[in-house]
1. Quick one: in the stretch 75-97, which of the residues that are of a type in the set (Val, Ile, Thr) and assigned to a helix (DSSP H, G or I) is surrounded by the fewest Cβ atoms within 10 Å (Cβ to Cβ)?
2. Among the candidates 230, 224, which residue alone is open to solvent by 70 Å² or more (accessible area, probe 1.4 Å), farther than 15 Å from residue 156 by Cβ and either modelled with pLDDT of 85 or more or in contact with a helix residue (DSSP H, G or I) (Cβ under 6 Å, 6 or more places away or on another chain) (or both)?
3. Filter the stretch 150-190 down to residues that are open to solvent by 70 Å² or more (accessible area, probe 1.4 Å) and not polar (S, T, N, Q), then give me how many there are.
4. Search the stretch 160-189 for residues that are of a type in the set (Ser, Thr, Tyr) and pair each with any residue that is part of a helix (DSSP H, G or I) when their beta-carbon atoms are under 8 Å apart and the residues are at least 6 apart or on different chains.
5. What do you reckon, is residue 20 surrounded by 15 or more Cβ atoms within 10 Å (Cβ to Cβ) and either closer than 24 Å to residue 250 by Cα or within 13 Å of the chain's Cα centre (by Cα) (or both)?
6. Show the residue pairs meeting these rules: Cβ distance below 7 Å; 6+ apart or different chains; first residue within the stretch 99-123 and without any contact (Cβ under 8 Å) to a residue 24 or more places away in the chain; second residue open to solvent by less than 10 Å² (accessible area, probe 1.4 Å) and assigned to a loop (DSSP other than H, G, I, E, B).
Amino acid sequence: PLSATAEWKMHGPLVMASLVGFSFHAVMSYAIGLFMVPLNEEFGWSRAQISVGFTISALLTVPLAPFVGAMIDKWGVRKLVMPGLILKAISISIFATVDGSDIQWYALWVFYALVAMGVKSTVWTAAVSGAFSKGLGLALAVTLSGTALTQIIAPPLSQWLIDSFGWRQAFIWLGIGWGTPALIICYFFLKDAHYHKQKAVADNSSGSTVSTVALNGLNVREAIRNIPLIRIAIATLITMVLGIGIIVHLVPVLTESGFTRESAAYLASLA
């Protein structure tokens, strides 16, 4: 077993890549509030109409999440992340094509939800959990702080992009401009346990069997009867429902309360 310091020396770049990738996953959550006023002015949509798209995305996550977990166990993180980052960047960028059709708006969110599953939080935490033991707590904390990084940057950045280039170009810049660096960093540094296992197999010229790591988790029946796990699930659900509801509507609420959009964006960032 390695010490926490040795784990960080070996897998520190993996954590940094996971932090950047996770920050990209959260972009739309913290940026969409800045687009509500421009979309309302352009198409006359209400805040409810605009936020329904985000609700569709969230609801699709529930039935799809277990399948993502199964794919992580089977193929590893890297094989999900690399195409996932590309498709998510595209999915954000094509919001620039919105023409006022409700059906198109909802369809774009469905596509976004499907491709975003490849870069959801489970992917990044799985990559780190498979590499760390003694230093796992700190490694997960750094990885999950990617969302905080996004909350700091995304609101004022989105406001500046909208003011400077218009809301359509802002979607493109958020998708391609944030997604491309994340893709490059993950390509070079996101090397999880599955990656190292496959590399060991490829490098094993003798043809001997390479041992695999046992997955000592709960099966489905054990999980649904595990009281501590159920408590964690309920607490997480309540936290996310309240948190996302506030995050998405924070800037519009502040704007309607008399703040300028610039001030509202910086207050959202300060949060």
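1. Step one: list which residues in the stretch 75-97 are of a type in the set (Val, Ile, Thr), which gives 77, 81, 86, 90, 92, 94, 97.
Add one more test, that the residue is assigned to a helix (DSSP H, G or I), and what stays is 81, 86, 90, 92, 94, 97.
Numbers: 81: 26, 86: 15, 90: 15, 92: 26, 94: 15, 97: 11.
Restricting to residues being of a type in the set (Val, Ile, Thr) and assigned to a helix (DSSP H, G or I), the top hit is 97.
2. Details: 230 fails: open to solvent by 70 Å² or more (accessible area, probe 1.4 Å).
The match here is 224.
3. Here is the first cut: in the stretch 150-190, the ones open to solvent by 70 Å² or more (accessible area, probe 1.4 Å) are 152, 160, 163, 165, 168-169, 173, 176, 184, 187-189.
Still in the running and not polar (S, T, N, Q): 152, 160, 163, 165, 168, 173, 176, 184, 187-189.
Here the count works out to 11.
4. Here the result reads 180/89; 187/82, each pair linking the stretch 160-189 to a residue that is part of a helix (DSSP H, G or I).
5. Values: surrounded by 15 or more Cβ atoms within 10 Å (Cβ to Cβ): yes; either closer than 24 Å to residue 250 by Cα or within 13 Å of the chain's Cα centre (by Cα) (or both): yes.
So residue 20 passes the test.
6. 104/98
The values are calculated or read from the model by the stated rules, or taken from the named source; none is laboratory data. Treat the numbers as computed from the prediction; the structure is a model and nothing was measured. All Cβ positions, glycine included, derive from the backbone under ideal geometry; neighbour counts span all protein chains shown. With ligands, DNA and RNA removed, areas are computed over all heavy atoms of the protein, side chains included. Shrake-Rupley method; radii C 1.70, N 1.55, O 1.52, S 1.80 Å.
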